[in-house]
Each structure stands twice: as structure tokens, then as C-alpha cells.
1. Where does the chain land at 222 nm, in deg cm²/dmol rounded to the nearest 500, when only DSSP H runs of n ≥ 4 count, each adding -39500 (n - 2.57), divided by all residues?
2. How high is the relative contact order of the stretch 2-104, in percent, with contacts defined as C-alpha pairs under 8 Å that are six or more residues apart?
3. Neighbouring Cβ atoms within 10 Å as the yardstick, rank Ser3, Ser38 fewest first.
4. In nm, to one decimal, how far is the Val86 label point from the Val27 one, both placed 7 Å along Cα→Cβ?
5. What is the dipole size for the chain, taken about its Cα centre, with +1 at each Lys and Arg Cβ and -1 at each Asp and Glu Cβ, in debye to the nearest 20?
6. Show me, bin by bin at 5 Å from 0, the whole-percent P(r) of the stretch 1-43 based on Cα pairs.
7. Which value, in Å to one decimal place, does the Kirkwood hydrodynamic radius take for the stretch 51-97 when every pair of different Cα atoms is included?
8. Whole percent per 5 Å bin, from 0 to the bin with the longest distance: what is P(r) over all C-alpha pairs of the chain?
Amino acid sequence: MWSFVTAARDRAPDRVHLWGLGLLEAVLVALLAAAIVSIAGGERPASAGTFVGYCITTLLLPVLGGYLARLEPTRWGAVIIGAVGVTVPVLVVRLQQTWSAVTSG
């Protein structure tokens, strides 16, 4: 969220923003590893195709957002990083919903 403050100050994102995206990506890779372990243990999401689609999108979004932010070294680069920061939690919630749909329904 600090990237929106950076954008409001009319500044380009700096390395700290990109390090934050890198940390976010590491957490998402750990989340994917946990999902793979659960699948190997016999659990399954309700819709495998939807789950895989959300996994791919969730993993690629910080990488693509960082790339686009580097291409746009203005305040809009910071807005791109902020948009990634707002979108990824929504995708993670949707991943959880697709996973828990099999146990509740």
C-alpha cells in the first residue's frame, strides 16, 4: 500500500517496492508448494482447472507488475505495484474458496 503513497507524492517506485514484490512472490511460491503437498496428500480442489488458473495468475501477477513498473519509471509505476498489492489478496481468497468448496459442498 505504500506504493500508493509514493504515487501520491508523484514519485517513481524504488528498489524497496521491487523488493516488496519479490517478497510477495516468495510467499506465493510457498503457498503453491503447500497446495502441491496437499494435492500429493490426496486433497483436491473443487475445480482443478479454475484452481490452476488462479495459481498461474497469482504467481505471474507480481512478476509482470514488477516488469511493468520498471518500464514505467513515473508515478504510474508505483500505481501498478499498488494494484498488484490489492489484487493478489483477492486472488488468494479465491484460491481458498475454490479449495474449500470441495469440503463444504
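1. Value at 222 nm, helices only, nearest 500: -29000 deg cm²/dmol.
2. Averaging sequence separation for qualifying contacts and normalising by length gives 43 percent for the stretch 2-104.
3. Arranged by neighbour count, lowest to highest, Ser3, Ser38 become Ser38, Ser3.
4. Reported label-point gap for Val86 and Val27 is 1.8 nm.
5. Dipole size: approximately 140 debye.
6. Percent of pairs per bin, in order: 6, 20, 17, 14, 11, 9, 8, 7, 5, 2.
7. Evaluated over the stretch 51-97, this radius sits at 11.0 Å.
8. Percent of Cα pairs in each bin: 2, 13, 22, 20, 14, 11, 8, 6, 3, 1.
Only the coordinates and a few stated rules stand behind these numbers; no lab work does. For clarity, every value in this text was computed on a predicted model and none was experimentally measured. All Cβ positions, glycine included, derive from the backbone under ideal geometry; neighbour counts span all protein chains shown.
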